[in-house]
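Here the structure comes first, spelled out in C-alpha cells, and everything after it is commentary.
Laboratory data are not the source of any read-out in this text; all were calculated from the coordinates shown. Note that the structure is a prediction, hence the values are computed from the model and not measured. Every residue, glycine as well, gets a Cβ built from its backbone with ideal geometry; the counts of neighbours run over all protein chains shown.
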Amino acid sequence: MADSETQEAPLRTLIVDDEPLAVERVQVICAEIPAVRVVGTASDGAAALRLAEKLNPDLVLLDMTMPELDGLGVARSFATQDQPPVVIFVTAHDHFAVEAFDLDAVDYVLKPVSADRLERAIERAVARRGQRRQRASRYLDELWVPHRSELLRIAVSEVHQIDAERDYVRLHVGATDAARSYLLLQTIAGLEERLDPDQFIRIHRSTILRRDNIRGLRHDGLGVWSAELVNGEALRIGRTYLARVKGMAGR
C-alpha cells in the first residue's frame, strides 16, 4: 500500500520565472492538476538553486530567459546532482529547444501556457519519475567483498572511486582521512552495468568515479582533459569517455 501511495503522490513542484504574472498563471493551472503540488516559487536562477536545495522538488517548471543565471544554467547545475528534479522548460522562445533536450528536459512548453499543454507535459514528468524508480531498482545498493577471513558489506553510496586491476576491481571507500580499498573479483565493465549512472560515471577504461567525487574538469591542452577530484587529485579522462563526462557540465 505504501509503495502505491508513493507512486501516486503529487510531484513536489517549484516554479521559476522572473515575470510575476507568468508565475501566477502557471500556479493557477497547476492548482487544477492533481499530479502536482506547488511547494515554492523563485524569480531568478540563483534563488531557484537555493530553494531546490531546501525543498527537494520532484519537478521544476523553469523559465529559460532570466537575468544573470538563466534557465539553462540552472538545469546544468541540476544535471550534476545524484537525484536531480525533472525539468520542464516554460518559455516564450522556441530556439533553445536543442539545448533544453541536451540537458534531458522532459518537455519544452511555449508561452502563453495553455492548461492542456502543461498537463500533457506534467504527464510526461510523472512517467519520467516512474522510469527513474524502475531503473534505480535494477542497480546495486551494496557490495560484499572478501576481507581477511570474512565478507564485508560495502554500501555503494560509500564508494567514491573504482579502478580496474586485471579481472578485479579495487573499490575506494570512505573519506580522504580514513580511506580504505578492497579488491572484488569483477570486471570493471560488468560492474559498470550494475551501477546507477545518475551516481557513477566512467571516465577511463580503468576508472569509474562517483559523480559527487568530481570537483571539476580541466583542459590540459591538445584535447586532453582531466577530472579534478574533491581531494585535489587529477585523473586523466579517456578520449572514449570524454563526451559523456563533459555532458555532466552541459558541454
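Overview of values
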quantity: Helix axis angle, 20-30 relative to the chain longest principal axis, alpha carbon, degrees; calculated: 80
quantity: Among Pro84, Pro57, Pro20, residue whose mean-square fluctuation peaks in a GNM of the chain (springs only between Cα atoms under 10 Å); calculated: Pro20
quantity: Integer Hz, Karplus 6.51/-1.76/1.60 couplings in order for the range 181-191, x for Gly and Pro; calculated: 9, 9, 8, 10, 6, 5, 6, 5, 5, x, 5
quantity: Least to most buried among Lys54, Lys111, Lys246 (fewest other Cβ within 10 Å first); calculated: Lys54, Lys246, Lys111
quantity: Residue order, fewest to most surrounding Cβ atoms within 10 angstrom, among His172, His147, His204, His95; calculated: His95, His147, His172, His204
quantity: Between 0 and 90°, nearest 10: helix 45-55 axis offset from the chain longest Cα axis; calculated: 70
quantity: Residues with amide H under 5 Å from that of Gln161, placed H, sequence gap 5 or more; calculated: His172, Arg210
quantity: For the range 31-135: rounded, prolate or oblate by the Cα gyration tensor [a/c cutoff 1.5]; calculated: rounded
quantity: DSSP-defined antiparallel bridges as percent of all bridges, the range 2-137, nearest 5; calculated: 0
quantity: Matching label, Rg and Dmax of the Cα atoms in Å computed from the structure shown, candidates [x] 17.1, 49; [y] 19.8, 63; [z] 20.5, 66; calculated: [z]
quantity: Relative exposure of Asp220, Asp196, judged by other C-beta atoms within 10 Å (fewest first); calculated: Asp220, Asp196
quantity: Estimated vicinal HN-Hα couplings, Hz - the range 107-112 in sequence order (Karplus 6.51, -1.76, 1.60; Gly, Pro = x); calculated: 6, 9, 9, 8, 7, x
